[in-house]
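Take a look at the structure set out below.
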Amino acid sequence: MSNTNKEVSVLGLGAMGVVIARLFLDQGYKVTLWNRTADKADALVARGAVLARSAAEALRASRMAVMCVYDYRAADAIFAMDGRLLAQLTTGSPKDAREAEAWAHRHGAAYLEGAIQAAPDQMGRPDTPLLVSGAQAVFAEAEPLLKVLAGGIVYLGEKASAAAAMDLATLSSIYGTMLGFLHGARIAEHEGFDVAEYGRIVAGIMPTFAGFLQHEGAVIQSGDFAITQSPMRISVEATQRILQTAQEAGINTEFPAFAAGLFQRADAAGLGGEELAALIKLLRK
Ligand code: FVH
């Protein structure tokens, strides 16, 4: 069944859900809303959206629903649909996604798992990244509607769990960077730097760093860890110096102790003469 009459239900009106609903309204969709705290819908209702009296009523109102709530426990409390198409944009584990898809199928609903890779104010752009997985035919039906939210859709195949798994992999990368960034901010402020300036400098090196990460991913996939860009021993030394600096400065040492510890173990395991990405051999054990 196609969504030619441009209708959609949006469940969950947190920071992200409000933006999702607004983008659909901007594109002329008939939008039905539900949120646990009803008054968060007021501004959207003033712009023409319809507030349903229950989640079940919202799900019945449109062929397709987009859900974006805090977590899968909240989502489970809301599920009550049949014969509809649900795009689940709530962050969850691969197991959460598999179970939600099975639940939806038992109730005659089509299911797509989606993972938004952007902040609310980055939504609705031609390059906004959104990971999606689920049955190909269901994706084909939902794609035009999802493109209202994010032009940069990456379809990861039929397994509903794929988008959730890749989301957590990318989030792992982001949180690793974020922890390093915050430790760096402590070095910067301890040395009397303007931390906003530090943020600008880090932003400037990100495109180069992104290219490096891409290279290391390809190295891991190839299984050939001969040195091509960055020998592991360089990182063994660099992380030791970050730890030493934290100790000398009397600032928190948790992040560099963790990083330096891992690199030291890799060195002790004989990986120092390989490409940096060879650290993954330690993580596989
Ligand atoms: N905001 C972001 O930057 C990220 C970007 C990447 C993807 N995430 C994921 O999106 C999901 C929702 O995130 P959010 O930012 O909209 O979250 P909140 O502003 O905290 O709003 C939470 C909504 O969930 C509702 N809710 C919470 N618990 C329950 C429950 N037990 N039953 C029903 N609804 C529930 C909450 O309702 P209320 O508090 O307004 O009544 C909000 O609508 C999330 O998975 C991110 O990981 C966002």
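The values are calculated or read from the model by the stated rules, or taken from the named source; none is laboratory data. Nothing here was measured: the structure is a model prediction, and the numbers come from that model. When we count neighbours, we look across all protein chains shown, and the Cβ atoms used for this are built from the backbone with ideal geometry, even at glycine. Note: accessible area is taken over every heavy atom of the protein model, side chains too, but ligands, DNA and RNA are not part of it. Shrake-Rupley method; radii C 1.70, N 1.55, O 1.52, S 1.80 Å.
Of note:
- Eligible lysines near Lys285 by straight Cα distance, threshold 26 Å, same-chain separation 8 or greater: Lys95
- Prolate/oblate/rounded call for segment 194-284, Cα gyration tensor, a/c under 1.5 rounded: oblate
- The relative contact order of the chain comes to 12 percent, based on Cα pairs under 8 Å that sit 6 or more residues apart.
- Structure-based [θ]222 nm, the chain - -39500 (n - 2.57) summed over DSSP H runs of at least 4, per residue, nearest 500: -17500 deg cm²/dmol
- Eligible lysines near Lys30 by straight Cα distance, threshold 19 Å, same-chain separation 8 or greater: Lys6, Lys40, Lys147
- Residues whose placed amide H lies under 5 Å from that of Ile153, excluding near-sequence neighbours: Leu130
- GNM result for the chain, Cα springs below 10 Å: residue of His105, His183, His215 fluctuating most strongly: His215
- Principal axis box of segment 2-88, alpha-carbon based, largest edge first, Å: 31, 29, 20
- Estimated translational D of segment 1-148 in µm²/s (Stokes, Kirkwood radius over Cα pairs; 4 °C; 1.567 mPa s): 86 µm²/s
- Protein accessible area in the chain, 1.4 Å probe - carbon and sulfur %: 57 percent
- Between Gln136 and Gln27, the C-beta separation translates, for a Förster distance of 22 Å, into a calculated FRET efficiency of about 0.35.
- Full extension of the chain segment joining Ile220 with Leu182 gains 11.0 nm, where the gain is 0.36 nm per residue of separation less the Cα-Cα distance.
- Overall form of the chain per C-alpha gyration tensor (a/c, 1.5; a/b vs b/c): prolate
- In the full protein context, the chain carries 52 Å² of accessible surface per residue, based on a 1.4 Å probe and ignoring ligands, DNA and RNA.
- Simple spin-label estimate for Glu143 and Asp194 gives 4.7 nm between the two label positions (7 Å along the Cα-to-Cβ direction from each Cα).
- Exposed loop sites are taken as GluC sites (Glu not before Pro) in a DSSP loop (any state but H, G, I, E or B) with at most 16 other beta carbon atoms within 10 Å; the longest stretch of the chain without one runs 1-157.
- Kirkwood analysis of the Cα pair distances in segment 114-265 returns a hydrodynamic radius of 18.4 Å.
- Taking Gln221, Gln240, Gln27 as the candidate residues, the one with maximal mean-square fluctuation in a Gaussian network model of the chain, Cα springs under 10 Å, is Gln221.
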